[in-house]
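Q: A single structure is presented below for examination.
The values are calculated or read from the model by the stated rules, or taken from the named source; none is laboratory data. Computed from a predicted structure; not experimentally measured. We place every Cβ from the backbone using ideal geometry, glycine too, and count neighbours over all the protein chains shown.
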Amino acid sequence: MELTFFIAAAIAILATIMVVTQYNLIHALLYLVVSFLAISVVFFTLGAPFMAALEIIIYAGAIVVLIIFVIMMLNLTTEDIQHEKEWLQPRIWIGPAVLSFILLVELVYIFTIDTPANYRSTPVEAKAVGMSLFGPYVLGVQLSGMLLMAGIVGAYHLGRQKKKVIHRFLERTDA
Amino acid sequence: MTTLPMEYGLLLAGILFVIGLVSLLIRRNIIFMLISVEIMLNAAGLAFIVAGARWAQADGQVMFIFIVTMAAAEVSVGLALILQLYHNLKTLDSDAANLMYG
Amino acid sequence: MENLLWVIPALPFAGALLLILLGGRLPRTVVSLIGVGSVGLSAVLTLLLGFQFLSDAPAGGVYRQEVWQWFNVAGFNPSIAFHLDALSLVFIFVITFVGFLIHLYSTAYMAEDEGFTRFFAYMNLFVGSMLVLVLADNLLLLYLGWEGVGLCSYLLIGFWYKEPQNGYAARKAFIITRVGDTAMAIGLFMLFQYFGTLHIQTISSEATQAWPIGVQPALIIAFLLLGGAVGKSGQLPLQTWLPDAMAGPTPVSALIHAATMVTAGVYLIARMHVLFELAPIAQFTVAVIGAVTLLLAGFSALTQSDLKRVLAYSTISQIGYMFLALGVGAWSAGIFHFMIHAFFKALLFLAAGAIIISLHHEQNMFKMGGLKEKMPAVFWTFLIGAASLAALPLVTAGFYSKDQILWLALAGERGNIWLYLAGLVGAFITAIYTFRMVFITFFGEAKTHLEHPPGKLIVLPLVVLAVLSTVAGFIELPHNFGHVVLFSSFLSPVLPNLPVNESMVPSEWMFQAIAAAFSLAGVFVAYLVYLKRPALHESIRNSGVAMALHRFWYSGWGFDRLYDKLFVQPFVYMATLNKNDFIDSFYHLLTHIARMLNRGMAHTQSGILRWYMMGVVVGALVIITISLLP
Amino acid sequence: MILAWLLVLLLVGGILAWVSDRVHPQLPRWVALSVTLACLLMTLFLWLETPAHTANTWLMRYEVPWIPQWGVSFSLALDGLSLLMLALTFFIGLVSILISWKEIQTKVGFFHFNILWVLAGITGVFLTMDLFLFYFFWEVMLIPMYFLIGIWGHENRTYAAYKFFIFTQASGLLMLLSILGLYFVHGTATGTYSFNYFDLLGTNFPLGVEKWLMAGFLAAFLVKLPVVPFHSWLPDAHSQAPTAGSVILAGLLLKTGAYGLLRFVVPLFPEAAQVFAPWAMLLGVIGILYGAILAFAQTDLKRLIAYTSVSHMGFVVLGVFAFNQWAYQGVVMQMITHGLSTGALFILAGFLYERLHTRDIRQMGGFWPTLPKMGVIAMVFVMASLGLPGLGNFIAEFLTLVGSWRASPVFTVFATIGLVAATVYSLRIMQKVFLGQHHTTHRMQDLSPRELGIAVPLVVLILWLGLNPQPVLDLARGSLETQLEAYAQPSLKITSPNSVTLIAHPQDSVHTLKGGSHALK
């Protein structure tokens, strides 16, 4: 299991790096799916099989598909990939990268400052999660429900194509 | 079952988070920025799961569920916004949407 | 009878109030009836009261009547109360009687003026205020009258308000006198501090008991009161407003700026003589101011071409004599000269007014001339007044009053040869400028066409005043010459008599002769220069030194220019410079800084999403780093 | 109880006036007029009921607990000083409603709502004896005034309204800090936490603390008054406000600053006030002279009058920190007479503005023949403003100066010189507006009966105050003596709060008063 964890972790990191370095959106998304799958494996090794399933269904499934739909609606061309290349110059990414690297170093330092505490990865059953979810966290569930509802309404409202009312004499020919 | 230091899991979460962060900072394409946010959220969820596993408690997973919920809502609203942005500005460049310039 | 005391000032006030409230709707006859009648009734009452006072003198020589208590704050309790003693009786007699004559005269003089009602309203208000001034039983009420007459003087100088020049003169008069009043107000604060009251009699009696002669507070207070007096009376150094005050109608000049208001300073000093006696330095200053003023104003009068300005300077000069008298302690002589001066100066002004209105508001003497035949009544009365002013010996009242001052300035115990000489030179100059005026105006050839001869209402007051200017002198005659002391003995309960240096008494007649000779010499010089040999006049005028002197004296010794440079211009400059209030710019600086900060912060709102993220990252970095630091 | 009714009447009347706008556009005027008139009559009734010489300073008290756990109570009390101020408030309020009759034609309902609420705030400030409530009313006064300037003002109104608001609000917050500081200092010292004025009287502080606490109160009051370095909101607010706003500002709002000094600063911080006194008098004198010089330079008539206010309020500061009866009576007189005379000058400026549509005195001149009635009235108030004896302002200034002479002759001399400067600027008004040549050609109406009805009572009052001020002085005396108690015998400064309550609370204190006004005597 240890080995599984390390391999999955390595795949997750590599795939994520690939996500952020791709110019083509669809390629990036493919790597993203891989990354999510790798993480779901990590979940599994950590004894959270239910979460691993959720990860695959919701992240790798629903969300990525949603993004792909949108990309399809946007009708992107190779020109956009060219744009991406122009936008991603080293002088642009070097600063943020350095800053983030420092952040990472600090995080590592924080994680390793104490002596490592080993633990047995006892699986936590989906039932326990459910008991907890509808026990002490029932308010959170309700709130999440509302959030989702708001998300749906908001997405509907925003995504609606507004009819532009332009007088026909004023309409530009090239528009 | 094997034993595994919790730090490894957290380390993974940290690395993923920072990669997402770097991407968020360097990308101008707004869809890439959205994807980066997803990566970061996912990393945060991972951290919860690791912690939950460490203490063998269900709370970590509950938090992950909440994060997933939030991510879903966020993506749907975010994508709707991206569509609007693209319709109005004919570009995915986030820098073009600078009407809020002080 | 004495219960009617309050009616004397109340009547003119009532008249003024009536005219202000109903003024616009009344016909002119009613207006003049109210205006003249109120003052006339006051005059009648004054006469009745005066007879009673003389025939049946009250205990202590004082009628006192409290009308109501003004206010009372922690022991500071001035009343609206009137105090009639010999001194105030002389003053209210002059005010009401001369005032009545001038009001009568004004009905004819102002007949054509559109502001007829307004004029009488102001005049009545003035008479009321002046009566309050001299009847006041405490200094606060006196101050009320004092400021009230100042207001009326302002209103009447600026009576013809359409000329900005008149408004300027009026403001000048008010402001300059106000400077003096301020000194006086400070004097009142000090008096209150030391005596806990402003009641004049209490202060007088307590001051003599509490203070030795020459004590410092008395000195300061006397100087401060003197400040008020010089402001009101047009003495050095606050004399500059009086010549300009001639912008008002002539009856105003006669009543306010010759007979009554300008002598308020004399009244104040006489009234507070106790304090001045306690402060010999202040009293000597009064004498010096009087002496210097009478000379300066006399020289200025020599050069004026405007008939009224000559009279104005002569007023300043004559009040200088009164101050000289007060300064040497010749209290009753000063008051006597005040009374005589009121008669003859009112006469001169009214006669000048008659000329001016007949010549269609022409005031320049050099455009007159030859009026002797055309207006005989005016000529003769003017001549009588002029003779009195020039103190022609024996027949004129002015001779007796001025001679008394000169004599006491020399022989009085505080007298001094220099003061005497100043007075003597002053008398000489007085005679010159007076008869210069007479000769230029009435003799020679006519230069202006006469519009219409003066009417009966104008001549009548002239005649009455002319009689008074001659006869009134005989109530006080020198002791080697009839020795009539009606006036000084009448005043003696209020004002102490001045002891005379006995060693000089035998030679008194000599000094009288000298004074007489000087005034006659003055007349002769005037005759020589202005009538007999005009060429001489021309040649003097054309010499360089004389021209420079002439210009200098004409402008009143340059005081106006000096004050303008010293006070007016810096004040106006400072005010206009700071019109927008430099303190405000400090607050503007604050808002400016806030706005700059805002602009700086606004730059961080670049609208570029990634910058905002960067901000978040840097912030997180800083916070985590700080928390990691030991 | 009648005190609370005054407030309720004004507050409810304000809302009623706003609402009644919908019924008929003229109705708000009548509502406001009748409410103010009712308040004025109630106040006058109280005055008439007051015996001339009472041993008891406090005529009436009304107190109900509000937030007892914090020691906040709805506490109102009336003494001679507040009674005078109330009479002035309602009189000026009445006048300002009357002058707006023709001038205000937009949002009439809201305008009268604001007027009545300002009056309510001022009434509250003059009545309340609870510092928490005091601060509340202090703010109530502020916001409607902001609207009055900002909505119905002249061309530069937004700027002026903001300036007014920020100055007064910032200084008011400093006062709030001091109120809280006082509350806690008193609370920790005695164990009873209370905002009540009578409880806080005689609190013992270390001098350093006392100074800082006083500074907060001073900030609010000196800005409101205003004293010279903090005066610059006033010319803008005055010149931009509608006539009614200027009148209320000059006549009433400035007086709340003076009242605050008398009522709070002086008795609450006796030692610190004495330490501060020379500086305060210096500020007063600077205010007198500086205001006068600036007034002389102005060309905007309302701005000119505003600076004369700065000058006149200098006398108030001078008097308050002289600590004696004469000066205090002078200060009270100054508050009343300045309210009337400057209010009247603003009213005249408003009348001129209605006829000419300008406030620039360079475009005026020679109005005497066309506007004789206005000229006479203007003359009276110009003379009042330069302190002519016989008019109320003279009594005020003379008493103040007599009092301050005892405290500091040097400052008094300079303040007296201010009288000359007052003459200079006052006569300038007369000269530029009414005298001289007529510039404009169009005919102007002299005062209408309504305008005369406003102006004549003011003239009568100012004359009455000048010739017979005794009723006013008598009414104020008792309360002024109370304020001065700590100074009369500084060594006997009341140390225990119990003894204060004995002095301050009359026999017929709080609970016996519920019956109404007659129960208190």
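Q: Scanning segment D:389-404 for residues that are farther than 12 Å from C:F189 by Cα and at the interface with another protein chain (Cβ under 7 Å from one of its Cβ atoms), which turns out surrounded by the fewest Cβ atoms within 10 Å (Cβ to Cβ)?
A: D:G390
Q: Determine whether A:Y31 is under 21 Å from B:I31 (Cα atoms), of a type in the set (F, W, Y) and out of contact with any Asp or Glu (no Cβ under 7 Å at 6 or more places or on another chain).
A: When the stated conditions are applied, A:Y31 passes them.
Q: From B:M40, B:M33, which residue is aliphatic (A, V, I, L, M) and in contact (Cβ under 8 Å) with a residue 40 or more places away in the chain?
A: Testing whether each residue is aliphatic (A, V, I, L, M) and in contact (Cβ under 8 Å) with a residue 40 or more places away in the chain leaves just B:M33.
Q: Please work out if C:S153 is surrounded by 19 or more Cβ atoms within 10 Å (Cβ to Cβ) and of a type in the set (S, T, Y).
A: Yes: the conditions hold for C:S153.
Q: Let me ask something else about it. So which of C:V529, C:V572 ends up being β-branched (V, I, T) and within 14 Å of another protein chain (Cβ to nearest Cβ)?
A: Just one listed residue meets the conditions, C:V572.
Q: Restricting attention to helices (runs of 4 or more DSSP H) lying wholly within segment C:484-582, give those where 3 or more residues are under 31 Å from the mean Cα position of the chain (by Cα) and surrounded by 14 or more Cβ atoms within 10 Å (Cβ to Cβ). Before the answer, list the steps.
A: Working: elements: C:486-491, C:508-526, C:534-542, C:544-554, C:559-563, C:569-577.
The helices (runs of 4 or more DSSP H) meeting that bar are C:486-491, C:508-526, C:544-554, C:559-563, C:569-577.
Q: Could you identify the single residue in B:L4, B:L10 that is modelled with pLDDT under 85, out of contact with any Gly (no Cβ under 7 Å at 6 or more places or on another chain), facing another protein chain (nearest Cβ under 7 Å) and closer than 30 Å to A:G135 by Cα? Write out each step before concluding.
A: Details: B:L10 fails: modelled with pLDDT under 85.
Just one listed residue meets the conditions, B:L4.
Q: For D:L222, indicate whether it is surrounded by 24 or more Cβ atoms within 10 Å (Cβ to Cβ), under 23 Å from D:M141 (Cα atoms), away from every other protein chain (no Cβ under 14 Å) and not aromatic (F, W, Y).
A: It is false that D:L222 is surrounded by 24 or more Cβ atoms within 10 Å (Cβ to Cβ), under 23 Å from D:M141 (Cα atoms), away from every other protein chain (no Cβ under 14 Å) and not aromatic (F, W, Y).
Q: Please enumerate the residues belonging to segment D:40-76 that are under 25 Å from D:Q470 (Cβ atoms) and at pLDDT 85 or above. Don't jump to the end; show me each part of the working.
A: Filtering segment D:40-76 down to residues under 25 Å from D:Q470 (Cβ atoms) leaves D:40-60.
If the condition is that a residue be under 25 Å from D:Q470 (Cβ atoms) and at pLDDT 85 or above, then D:L40, D:L41, D:M42, D:T43, D:L44, D:F45, D:L46, D:W47, D:L48 are the ones that fit.
Q: Within segment C:136-157, work out how many residues are in contact with a Lys or Arg (Cβ under 9 Å, 6 or more places away or on another chain), facing chain D (nearest Cβ under 10 Å) and more than 21 Å from C:N77 (Cβ to Cβ).
A: 3
Q: Out of A:S121, A:S100, report the one residue that is modelled with pLDDT under 80 and within 19 Å of the chain's Cα centre (by Cα).
A: Working: A:S121 fails: within 19 Å of the chain's Cα centre (by Cα).
Criteria check complete, one pass: A:S100.
Q: Further question: Look at D:T337 and say whether it is within 28 Å of D:N468 (Cα to Cα), crowded, with 24+ Cβ neighbours inside 10 Å and more than 14 Å from the chain's Cα centre (by Cα). Steps first, answer last, please.
A: Values: within 28 Å of D:N468 (Cα to Cα): yes; crowded, with 24+ Cβ neighbours inside 10 Å: yes; more than 14 Å from the chain's Cα centre (by Cα): no.
Against the criterion (within 28 Å of D:N468 (Cα to Cα), crowded, with 24+ Cβ neighbours inside 10 Å and more than 14 Å from the chain's Cα centre (by Cα)), D:T337 does not qualify.
Q: May I ask you to say which residue of D:A407, D:A422 is touching a Phe, Trp or Tyr at 6+ places or on another chain (Cβ under 8 Å) and either more than 7 Å from chain C (Cβ to nearest Cβ) or over 16 Å from D:L301 (Cα atoms) (or both)? It would help to see each step written out before you state the result.
A: Values: D:A422 fails: touching a Phe, Trp or Tyr at 6+ places or on another chain (Cβ under 8 Å).
Step by step, each of D:A407, D:A422 is checked, and only D:A407 is touching a Phe, Trp or Tyr at 6+ places or on another chain (Cβ under 8 Å) and either more than 7 Å from chain C (Cβ to nearest Cβ) or over 16 Å from D:L301 (Cα atoms) (or both).
Q: Something else about it: So, in segment D:441-470, of the ones that are in contact with a Leu (Cβ under 7 Å, 6 or more places away or on another chain) and modelled with pLDDT under 85, which residue ends up surrounded by the most Cβ atoms within 10 Å (Cβ to Cβ)?
A: Ranking the candidates gives D:D446 first.
Q: Would you mind finding the one in D:Q437, D:Q363 that is at the interface with another protein chain (Cβ under 10 Å from one of its Cβ atoms), of a type outside the set (A, V, I, L, M) and touching a residue at least 12 places away in the same chain (Cβ under 8 Å)?
A: Only one candidate passes the filter, namely D:Q437.
Q: Grab the helices (runs of 4 or more DSSP H) fully contained in segment D:101-218, keeping just those with 2 or more residues being modelled with pLDDT of 90 or more.
A: D:108-127, D:131-152, D:157-190
Q: Restricting segment A:40-98 to residues that are touching a residue at least 60 places away in the same chain (Cβ under 8 Å) and more than 9 Å from chain B (Cβ to nearest Cβ), which is nearest to B:L12 (Cα to Cα)?
A: A:P49
Q: A further question on this structure: Can we say B:I67 is crowded, with 23+ Cβ neighbours inside 10 Å and either in a helix (DSSP H, G or I) or within 14 Å of the chain's Cα centre (by Cα) (or both)?
A: no
Q: Would it be correct to say that B:V37 is within 14 Å of chain C (Cβ to nearest Cβ) and part of a helix (DSSP H, G or I)?
A: yes
Q: Count, please, the residues in segment B:71-86 that happen to be more than 23 Å from A:Y59 (Cα to Cα) and either in contact with a His (Cβ under 7 Å, 6 or more places away or on another chain) or more than 7 Å from every other protein chain (Cβ to nearest Cβ) (or both). Quick ask: steps written out before the conclusion?
A: First pass over segment B:71-86, keeping only residues more than 23 Å from A:Y59 (Cα to Cα): B:84-86.
Among the residues that remain, those that are also either in contact with a His (Cβ under 7 Å, 6 or more places away or on another chain) or more than 7 Å from every other protein chain (Cβ to nearest Cβ) (or both) are: B:85.
Count: 1.
Q: To continue, here is another question. Assigned to a helix (DSSP H, G or I) and within 14 Å of chain B (Cβ to nearest Cβ), is that true of C:M614? Break it down into steps so the answer makes sense when it comes.
A: Details: assigned to a helix (DSSP H, G or I): yes; within 14 Å of chain B (Cβ to nearest Cβ): yes.
Answer is yes for this residue.
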